[in-house]
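See below for the structure under consideration.
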Amino acid sequence: MTRIKELSLELANMIAAGEVVERPSSVVKELVENSIDAKASVIKVDLIDSGLCKITVTDNGFGMEPSEIPLALKRHATSKISSVEDLFRIVSLGFRGEALPSIASVSQMTITSKTKETDGYYYRYRAGIKTEEGLTAFPEGTKVEVENLFFNTPARYKHLGNSYAELANILDYLYKSALSHPEIAFLCTNNGKTLFQTTGNSDIIEIIASSFGPDSAKAMLSFKGQNNLYRIWGLSSSPGVFRSNRNGINIVLNKRVIRNLSISYAITDAYQTLLPIGKYPITVLYIEADPSLVDVNVHPAKLEVRFTDERELKTLITAVLKETLFQARLPKFNSEESPVEKPLDKSTEPIMKTAPLENTEANTEDEPLNLWDQFFGVSEEKEAKEDYSDNFHETSPASKDKEVYEMPEPKPLTVQENYEQLSFDQDTKEKRFFQNLRYIGQYHQTYLLLEDEENLYLIDQHAAMERLMYEKISKSFESPKAECYELLIPLRLEVSVSEMPLIMNLTDEFAKLGITIEPFGPTALVVRTVPTWIPESLESEFLHDMINHLLHEKTTGKARLYDSLAKKLSCKQSIKAHMKIRPDEVGQLLKDLDQAKMPLTCPHGRPTIISFKRYEIEKLFQRVMG
């Protein structure tokens, strides 16, 4: 029988490190938070090999006395709280007293610090055990150097991402930290090269520009509102500027960056019908609340919090953003009116210098691009405008899988089997099955009606087009050298500063897809060649989707990754429901379906065509009995 015994301090710290220190970005987060709590106005992060070899965080805060440094490396030793009451009104970023001992237990750490009253002093540790100490010349503040992270836990080190992924995580965290504390100047270097820098002048627009590029920053709209419990303000992009993932949504609670999916849904709910499917705004949301209304003592990482009456907060966010977006789309009658809103309180609210709203309005009067013309090469007169509401989405969990448009409920039929899904053999395909069908018309501008001597057929125009595009894109991916063309004027794409190292790591993969990209500053790419299947004038949107998919898709294996990407892009490029289709386009569609490998289903497995036997139809009209 085993005996209960107390774990050693070294083992306890290593266990705690498993929750607090997951990767180099976790180390940067904890050290930067300590610097912020020390009232630093300048924080510098120096990395060697993306932090895998060394991380150095230097600040100009109030520092530590020599006797406090070893105390800071003891578990649950902190200057942030001292009583139970403090735990329920936390105003600092750190408060657990676990970060420094956890980091020290799995690395080689050197802490150098100086206060106004004391000289500079340093302590050096290896796996949490002091190896050296002494006086040193150092300005007021603190420097923490972390080397050889996870040197004594090889299993943890083995599962770290590559240097590009680790650097992306660190840059993303520093960007969020700059947003939560715009009054602090941040600087990040990797192997001596500056990657991210802010001035600390409290200009949120400037910080957004440093991460997402100036074009995105110019399209930001300011908002503010409050209720009895919460006060909110911030910036959110106009509908014409969006991202292919939620990484552009940033939530700051009482100057603490948090992660809350429900609040993210509240933000995206305000953009219903304003953004295409799978697109998300760039948003910086500041929430101010009494500390007693939120619980930050949920997880050691301190990213998750619990709110008092979260539903009221979500309602406030959605309502304020909807009103802001509505006002942004109204015509402006007073040209002298300043578009810059004054902060509610300069002492607590960051500066938000917004561009004139006239420059950021989306042109809702432009006619949507006819994707059939793009695919079939038909450029005749344009059809009348149609309702494209199927191309927009709702983002709340309740409506996640709901179609935006509603179809009337069909009346139940009296026959047992109303239709059947077709199946082909090779001989049938060789008889030009689809091209031999007679086109009757379009039902509900969604389904194509066709007939032969014995059957009535319905083809789902979106599913059929999706199948054709999927096979075309998949074939392009499988080719040793993708078909592409060089752009007469290179295309400039804005990406986030944290995505840039990941994209540069995938330049060879993009080249195989027919995309030639080059860096153009910290937040921009220059695209010189694109695949031939991407529609003209839609290059930017498709390239953003491809980049996002290759960076964030969790599919295992290159083949499955490309297959997933082909499915996503084929859906985007296919004709939607509620769109007119001309007879010549129907003819081309039927011809291409005969040439398709698997014409009977879309890439997601839904049928492209169903049939009704004439006998079953005649039974419905009681023309035959039995």
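The values are calculated or read from the model by the stated rules, or taken from the named source; none is laboratory data. Keep in mind it's a predicted model, so treat the numbers as computed, not measured. Here Cβ is always computed from backbone atoms with ideal geometry, including for glycine, and neighbour counts include all displayed protein chains.
Before moving on, here are some points about what is shown:
- Count of the stretch 501-522 residues, restricted to those that are in contact with a Ser or Thr (Cβ under 7 Å, 6 or more places away or on another chain), modelled with pLDDT of 85 or more and buried (at least 19 other Cβ atoms within 10 Å of the Cβ), is 2.
- Restricting the stretch 199-223 to residues that are surrounded by fewer than 24 Cβ atoms within 10 Å (Cβ to Cβ) and among the polar types (S, T, N, Q) leaves a set whose member that is farthest from Lys322 (Cα to Cα) is Thr199.
- For Glu166, the conditions (1) more than 23 Å from Phe520 (Cβ to Cβ); (2) modelled with pLDDT under 90; (3) more than 19 Å from the chain's Cα centre (by Cα) are fulfilled apart from (3).
- Annotation note: Cβ proximity below 7 Å between a residue of the stretch 257-278 that is crowded, with 22+ Cβ neighbours inside 10 Å and a residue that is at pLDDT 90 or above and polar (S, T, N, Q) (sequence gap 6+ or interchain) occurs for Ala266/Thr318; Ile267/Thr283; Ala270/Thr318.
- The stretch 174-192: number of residues that are over 17 Å from Leu31 (Cα atoms), of a type outside the set (Asp, Glu) and surrounded by fewer than 18 Cβ atoms within 10 Å (Cβ to Cβ): 2
- The set of residues from the stretch 431-477 being among the charged types (D, E, K, R), closer than 23 Å to Thr532 by Cβ and touching a residue at least 40 places away in the same chain (Cβ under 8 Å) comprises Glu466, Arg467, Glu471, Lys472.
- Options Lys74, Lys143; residue that is basic (Lys, Arg), touching a strand residue (DSSP E or B) at 6+ places or on another chain (Cβ under 7 Å) and modelled with pLDDT of 60 or more: Lys143
- From Leu195, Leu171, residue being farther than 29 Å from Glu310 by Cβ, in contact with a Phe, Trp or Tyr (Cβ under 8 Å, 6 or more places away or on another chain), modelled with pLDDT of 90 or more and buried (at least 19 other Cβ atoms within 10 Å of the Cβ): Leu171
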